[in-house]
Amino acid sequence: MFDLIPIAEIAPDRIETLLDAAFGTDRHGRTAYRLRDGVAAIPELSLAAVIGAELVGSIQCWPVTLADDDGARVPMVLVGPIAVSPAHQDVGIGRALTRAAIARAGQGDIAGGDALMLIGDPDYYGRFFGFTAERTGGWRLPGSFEAHRLLALGDAVPDQAGDVRPRISADAA
Ligand SMILES: CC(C)(COP(=O)(O)OP(=O)(O)OC[C@H]1O[C@@H](n2cnc3c(N)ncnc32)[C@H](O)[C@@H]1OP(=O)(O)O)[C@@H](O)C(=O)NCCC(=O)NCCS
């Protein structure tokens, strides 16, 4: 069995090693990484999965904003990366990490916690958690992405067109 703990309890280099194993070392060029340039992960929504002393999974979430074409700013939370070490995949760790972050985000005290977004496989994030691309069609991101993989979840997900970007403090709602 595994436990979920705050990611701050794990040395950052161990998280990086896990992410390399799950996504490959070329992951830093991905569009999702550009969405979190210059911002820190949200501590309450960033978790590690451990089996004893072994790190087997992680999730990190980041403050982003939709700067819409009418000049409004809508706070959102970028979910991920979610990673499970290859030796421990398919036993529910990814689901547990993601469900825990979604539940915490929904508790009401995190800006953007009712407007979650990610770039990922609909067959996973739609099937298990209900993420959809229904409202994301007008969003522009700082890099390339496949439209059907730009997914969102939550009552406050905006459906207007605009730029999704890191949420620096001046943007905080
Ligand atoms: C994707 C990932 C986070 C899922 O975590 P996990 O702990 O392995 O998965 P879970 O145990 O929660 O769920 C397993 C189920 O999800 C399915 N699944 C796993 N990855 C999937 C994917 N990328 N697309 C669709 N389904 C997927 C499995 O087939 C399994 O389905 P089943 O219950 O019908 O057999 C993990 O496998 C991982 O880190 N993979 C490497 C990174 C990656 O490929 N990410 C792609 C998503 S953006």
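Brief remarks follow.
- Residues located in region 134-166, provided they are in a loop (DSSP other than H, G, I, E, B) and either closer than 18 Å to R30 by Cβ or in contact with a Phe, Trp or Tyr (Cβ under 8 Å, 6 or more places away or on another chain) (or both): T136, L141, P142, G143, S144, F145, E146, A161
- Taking every residue in region 134-146 that is closer than 17 Å to V64 by Cα and pairing it with any residue that is crowded, with 17+ Cβ neighbours inside 10 Å, at least 6 positions away or on another chain, the pairs with Cβ-Cβ distances below 6 Å are R135/A152; R135/V157; T136/L150; T136/A152; W139/V164; L141/V164; F145/I119.
- Against the test of being over 25 Å from D37 (Cα atoms), at pLDDT 95 or above and within 12 Å of the ligand (Cβ to nearest atom), the options A83, A96 yield a single qualifying residue, A96.
- Identity of the residue in region 106-128, in contact (Cβ under 8 Å) with a residue 24 or more places away in the chain and acidic (D, E), that ends up nearest to I59 (Cα to Cα): D121
- Condition check for I51: over 27 Å from A156 (Cα atoms), modelled with pLDDT of 95 or more and either more than 9 Å from the ligand (Cβ to nearest atom) or surrounded by fewer than 23 Cβ atoms within 10 Å (Cβ to Cβ) (or both): yes
- Options A11, A72, A40, A83; residue that is crowded, with 18+ Cβ neighbours inside 10 Å and either over 16 Å from L116 (Cβ atoms) or more than 14 Å from the chain's Cα centre (by Cα) (or both): A83
- Check on G80, out of contact with any helix residue (DSSP H, G or I) (no Cβ under 8 Å at 6 or more places or on another chain) and not in a helix (DSSP H, G or I): no
The values are calculated or read from the model by the stated rules, or taken from the named source; none is laboratory data. Values in this document were obtained by computation on a predicted structure and should not be read as measured data. In this analysis, Cβ positions are derived from the backbone assuming ideal geometry, glycine residues included, and neighbour counts consider all displayed protein chains.
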